[in-house]
1. I need the full set of residues from segment 101-127 which are of a type in the set (Val, Ile, Thr) and either open to solvent by 70 Å² or more (accessible area, probe 1.4 Å) or modelled with pLDDT of 70 or more (or both), in order please.
2. Identify, from the list ALA81, ALA98, ALA54, the residue that is open to solvent by 40 Å² or more (accessible area, probe 1.4 Å), more than 24 Å from ALA16 (Cα to Cα), among the aliphatic types (A, V, I, L, M) and modelled with pLDDT under 90.
3. Run GLY9 past the list (1) surrounded by fewer than 13 Cβ atoms within 10 Å (Cβ to Cβ); (2) farther than 19 Å from LEU112 by Cα; (3) of a type outside the set (D, E, K, R); (4) modelled with pLDDT under 80 and report the number of the one that doesn't hold.
4. Collect the residues in segment 29-48 that are small (Gly, Ala, Ser) and surrounded by fewer than 23 Cβ atoms within 10 Å (Cβ to Cβ), keeping them in residue-number order.
5. Those residues that are within 18 Å of ALA109 (Cβ to Cβ), part of a loop (DSSP other than H, G, I, E, B) and either open to solvent by 50 Å² or more (accessible area, probe 1.4 Å) or hydroxyl-bearing (Ser, Thr, Tyr) (or both), I need them from segment 14-28; list them, please.
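The values are calculated or read from the model by the stated rules, or taken from the named source; none is laboratory data. A quick note: this is a predicted structure, and the numbers were derived from the prediction, not measured. Counting neighbours? That spans all protein chains shown, and the Cβs are built from the backbone with ideal geometry, glycine included. Areas reflect the complete protein model, heavy atoms only, side chains present, ligands, DNA and RNA absent. Shrake-Rupley method; radii C 1.70, N 1.55, O 1.52, S 1.80 Å.
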Amino acid sequence: LDGIFVQIGLAANSSAFKEIVATNRLGEIIIDAHCRTDIPGIYAAGDVSGIEEASSAMVEGRLAGCAAAESLGYEPVRAAAEKEAARSELSELRSGPAGARILSGLEKARKLRLEHDICRKGGASVC
């Protein structure tokens, strides 16, 4: 057994924002490395942007907050330093054996969600 992933629901809860920011075909909000969306001043983090793992989502939230603070000019040196610390922590969480298993699990979950969506919409012959 490589791991157990408990999941509530199969889609990102981004419906309130899909007309405002860009989302992918799974409904996840598309962000850059600083958690910025395609609309200036709007940030996203965690499950809604595809993270789906609590410790990484929390660090991504911190990263989004620091990026927002930096863009607003709030203590820019401190915000930039905190943002880089969060990026480093996120990278560390995603590296090594545990990170590899998490990323592999996330890819499997995304694939299952795509298959589920296709079946739900009647687009597959075998579900």
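1. Hits for segment 101-127 are ILE118, VAL126.
2. Details: ALA81 fails: modelled with pLDDT under 90; ALA54 fails: more than 24 Å from ALA16 (Cα to Cα).
The match here is ALA98.
3. Condition not satisfied by GLY9: (2).
4. Step one: filter segment 29-48 for residues small (Gly, Ala, Ser), giving 33, 41, 44-46.
Matches in segment 29-48: ALA33, GLY41, ALA45, GLY46.
5. If the condition is that a residue be within 18 Å of ALA109 (Cβ to Cβ), part of a loop (DSSP other than H, G, I, E, B) and either open to solvent by 50 Å² or more (accessible area, probe 1.4 Å) or hydroxyl-bearing (Ser, Thr, Tyr) (or both), then SER14, ASN24, ARG25 are the ones that fit.
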